[in-house]
Structure formats: C-alpha cells, structure tokens
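The structure under discussion appears below in the form of structure tokens.
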Amino acid sequence: MTLIKSISGIRGTIGGRVGENLTPVDIVKFASAYALFIKNSTGDLRPKIVVGRDARISGNMVHSVITGALTGMGCDVVDVGMATTPTTEIAVVKESASGGIIITASHNPKQWNALKLLNSRGEFLNAVEGNKILEMAEAESFEYAPVDELGKVSHKQYLHTHIQSILQLGLVDLEAIKSARFRVAVDAVNSVGGNAVPELLYALGVKEVFKLHCATHGNFSHNPEPLPQNLTELASLMRSSRADVGFAVDPDVDRLVIYAENGEPFGEEYTLVAVSDYVLQHTPGNTVSNLSSTRALRDVTQQRGGEYFTAAVGEVNVVAKMKEVGAVIGGEGNGGVIYPASHYGRDALVGIALFLTQLAKSGKKVSELRADYPGYFMSKQKIELTPDIDIDAILLKVKERFSGERVTDIDGVKIDFPDRWVHLRKSNTEPIIRIYSEAKSLKEAEEVGKQVIDIVQELK
C-alpha cells in the first residue's frame, strides 16, 4: 500500500491504514488543507472550488469525502461530475473559480486514486504551493466553518462547453475532417473518455466510431496505461474494422495514443511530434517537452524554424517553461499535448481534433504520416523502489560515472550521448525509478537503458 505526495498531486492506494494509503481521513486532511491554502492565497473567505472525477470505482467515495471537507471549510463547490481532467481545468476558468480538484490517478491501476490540485487558471499548483498544503495537512491547522457559513454544492456539466471550444480553434478544420469520412476506433478503458471521445468525434463529423471499453463503470478492462502491451484489443479492432485511425486515452483523458490503419502503434512519443508539426506549419514558433521525451520533437521544431526547449518531468514544469519561452505548443512524450490556444493543460481531445485535421489535409494514411517523421526508438524500463534504496546517492554516483558526457540534472539524471540518451529519475506517481532511453534502434535503446540499470543494481 502506498501514499505518494508530489507535483502530480496526492496519490495513493485505497484502503489500509491512515497515513500509509489514501484513506478517507487522509482525503479530508488534504482537501481541508487545500481549502485553507486557497483562502489564504486569494483572501476569499468563501471561495468557489470546481470538483471533477474520472470513472474509478473509488471515485464516488473520494468525491463525497472531498465535497464534505470543502463545504465544511466554507467553500462553495461546483460539481462537474464525471469529467476529463482538461474539462475540469476549463470549468475552473469558465466558473471564475478560485481553484479545482480533479479526482483521478491518471494511468495508475484501479486500486489507486488521487487529488490533482488546480489554481484559479485551471493549472496545476507548483512544488512550493504543494509543499505549503502538505505542511498545513501535517499540522492540521485548518478550522472548519460554523453551521451558518457552510458551503453549498451546485451541479454543472462542462463537456459540451469543452468540445465547443475545440471546434472553434482556428487550426481545427471541420469541413476537412467531415469530407475525409473517417472511420475511427476508440479504446477509452472504461472511464470518462468513453463519453467524451465519441461525443467529440461525432461533433467533428467523423463518419463512424468503433467503441472499445467505452462503458464508464471504472472497472478497467485492461491495465489503464496506454502502452502497446495493454492495447492489443485496439490493434485487433483496427484490422478487423478497417478503421482509418485508432485512439486510446488514459482514464482522465489527458494522454492520447494513436494507432495506424494497419493496427500498428503510431508511438505515444509521436503524438506530440505529429500535432506539433501541424501546428508549427501554420504558427511557427518554439516548442517544449520534458527530458524524457523523444528527440524527434527537437528535429521537427528546428526543421520548421523554431527552437526546442526541455523541462523537468511534470505538467506544471512543462507549462512554466512554455510560458517562459512563448511556446506555441508543447507537452510530454507520453501522449500529452498542451496547446496554449486552447488552454495550458494536457488535453487528448484537443490532440484528436488537431491530428484528424492534419490527417485529413495531408491525404495520407496514418502509417504514411508516421513514416514522414525521424525514426527514433524508445525503451521504458523501471526498478521497484525499496526503503533501503538511497535514490539521491545513486543519482549522484551515476552522474559521476558519466561526467565525460553531457549531463542534465534538473530532474534526476539525463545523459546525452551523440546518437542516444538515457534518463534516470524517481517517479512522481509510483514507487519506482524510471529509466527511459532512446536511440536509432530499439536494440540500442534497450542496451543503453540496461547499462544504467546494471550500474544502479551495482550501487544499491
């Protein structure tokens, strides 16, 4: 059982002992501390907080506890129900709310849940703000409202608003998509994407939608992380349905994975590459992705006359860097597209609309479009963390071992070789060390990743 506190929110497994897991007591403490933080930072004694959740089995319980804690702290709650992460982010802005809480553990298995915390711009809190909330929760320094000052709850739906905002984006061409008469397959892993993605596709004018795991009961039919090994049914559906393109999303719909007409994965790293290429063709500028993302985005950005920048892993870090360099698009290599013309948050729905426009205008098959981009291969490996592993000491020793190479240490340790790279870092969402590596072949990528794993095992 696990409880993880990071820039990705408060995340843990349901059940077990207080302080060691995401129990109702822990949820009350964190939600109450968040309410106090919002009150202190805004000066608003009765702030408005938007709350949305994915379809996880535990979602209703966590949602009830959070709503009770927030209203008990004297906050008014706008309950947007089961909603995607980007939908909830947009609702915060539309409601002129002081903040928001998204109840989702993103790609983690069903026994997990989490609180993702937003500011008044519908963006994730930064590390400093998150630490303040953790301190408040630890100190239990919050004071609940008397009966006459309890908050109230209102219920609203924002998916339609979200979709309409996407349809109005200048680079989304409805006529081109409609004329292409696309047949699209969707794997929504039994969460909120089961409602959101088909509704978007129909609004875009897609001819036919083949639904896979779109019932929103939250009992995930497969591991919810949208990796090829978990998407074998989608690959089969692509071939049997003869769909033009396939889309898979994670439970909160901020990650987008694409499948080609032949049932082959487009590559989650290449979602951002393709969408960025389309955006850069029409709005030249800079791009940003995290340190664990493919070099292909750098190559495409430079080809289009822009400058590419890296940021530490985590949406809040990428967004900060995008604002700093005025990026026209950015995101994370795991299928996360951040398009500022829409909003500063990873949004699979925006990614789908832009990609379908690009595909329609290109006149190419998905496999042909993928062949246009630089050929890199990525290996993603991990090491389970145990209490006796001193990750900071290991990172320092790895850095020393490769001191002759170009090393970046803003987030773990990344070693850039001329023709490959490897990135070693502690996960923000799971009790593991992630080892990402990339090269011109999968074998080479796996080899450089294994080299670092061997060093870690040696140092443990």
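What follows is calculated from the coordinates using simple rules that are stated; it is not laboratory data. None of the values given here were measured: they were computed from a predicted structure. Every residue, glycine as well, gets a Cβ built from its backbone with ideal geometry; the counts of neighbours run over all protein chains shown.
What pairs from 29/426; 323/414; 29/399; 178/321 go past 29 Å between their alpha carbons? Too far apart for the 29 Å limit: 29/399; 178/321.
3J(HN,Hα) couplings calculated from phi for segment 239-248 with the Karplus curve 6.51 cos²θ - 1.76 cosθ + 1.60 (θ = phi - 60°) are, in sequence order, 6, 6, 8, 6, 5, 7, 7, x, 10, 10 Hz; Gly and Pro show x. Tell me which of 223, 356, 21 sits at the most positive position along the dipole axis of the chain, charges placed on C-beta atoms (Lys, Arg +1; Asp, Glu -1). My answer, from the dipole projection, is 356.
The string of couplings for segment 171-177 from the Karplus curve (6.51, -1.76, 1.60, θ = phi - 60°) is 8, 9, 9, 5, 5, 4, 5 Hz, one whole number per residue in order, with x for Gly and Pro. Within straight cross-link reach of residue 48, meaning Cα distance under 14 Å, which aspartates and glutamates are found once same-chain residues fewer than 8 apart are removed? In chain and number order, the partners are 76, 79, 89, 95, 149. Computed on segment 3-157, with alpha-carbon pairs under 8 angstrom and 6+ residues apart, the relative contact order is 30 percent. Cβ crowding within 10 Å, taken as a proxy for footprinting-reagent exposure, orders 275, 316 from fewest neighbours to most as 316, 275.
Using C-alpha pairs under 8 Å with a sequence gap of at least 6, the mean separation divided by the residue count of the chain gives a relative contact order of 12 percent. For segment 162-371, the relative contact order works out to 21 percent when only alpha carbon pairs closer than 8 Å and six or more residues apart are counted.
In this simple spin-label model, placing a label point 7 Å from the Cα along the Cα-to-Cβ direction at both residue 407 and residue 393 gives a separation of 1.7 nm. Using Cα centres only, tell me the gap between segment 303-372 and segment 120-152 in whole Å. That distance is 32 Å.
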